[in-house]
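Remarks on the structure that follows.
Each reported figure results from applying straightforward, stated rules to the coordinates on display, with no laboratory input. What you see is a predicted model; the values in this text were computed from it and never measured. Here the Cβ is made from the backbone with ideal geometry for all residues, glycine too, and neighbour counts use every protein chain on show.
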Amino acid sequence: MLQVEMCSYCSPPATGTGTLVITLEDGNDHAPSLYPSVARVCEDSKDLSVVLLGGRDEDISPNADPFKFELGKQAGLEKTWKITKVNNTHAQVSLLHNLKRANYNLPIIVTDSGMPPLPNSTEIKVQVCTCKKNKMDCSAADSLHMSLAMLICFSFITLLCKFIPVFSLFLFIHGQTSVTRTDWVQVAFRSDTRVLTMLLCHLQ
């Protein structure tokens, strides 16, 4: 509310006071967000509830809640996951069946009630863990995919490190591109003991 005082230049001068009311409206310029971003569940749990998701919005009513919660558009999600609205700001994520121990990224779309409504797609990380004697072990779920990728990468690099130097040495000494088992032995005997040892190791 703003109070304004006016004065005329007449003689004698006259004054007047009025009140100006300014109303600021909140625009729908923020999409809602979800929390928490990580959830954990036991791989053999009979309770298929995963996590209670909450939505929040930096806008105020009517551009905030009630929120609409739904699974992402990825095909097949509805065969494994279910999302149920609890109230205007929360929804329950559940499994339709148990999953194997691993990490899963679950896309969730949350939309506010503004005009026009603003959606936000967020991936929730769901860790399926091993649970024994009331203890939850998620270390294997964290490292399962990474360990497999690192193992494959390390094996490939090791193979290259062993093969390339020996193969290059053979081409340099023998001067040919046709490689046979007999050729490897011949190259070894033309070289010093160090080269012989290295080549014999690769023949095993």
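Dipole of the stretch 33-137, Cα-centred, from +1 at each Lys and Arg C-beta and -1 at each Asp and Glu C-beta, to the nearest 20 debye? Taking the Cα centre of the stretch 33-137 as origin, the dipole is about 640 debye. Under the simplified labelling scheme, the Lys73-Ile109 pair shows an inter-label distance of 0.6 nm, with each label point 7 Å from Cα along Cα→Cβ. The calculated FRET efficiency for the pair Leu48 and Ser139, based on their C-beta separation and a Förster distance of 22 Å, comes to about 0.45. Using Cβ point charges alone (K and R +1, D and E -1), the dipole size of the stretch 4-89 about the Cα centre works out to roughly 440 debye. Under the classification rounded if a/c is under 1.5, otherwise prolate if a/b is larger than b/c and oblate if not, where does the stretch 33-137 fall, given a ≥ b ≥ c as square roots of the Cα gyration tensor eigenvalues? Taking the square roots of the gyration eigenvalues as a ≥ b ≥ c, the stretch 33-137 is prolate.
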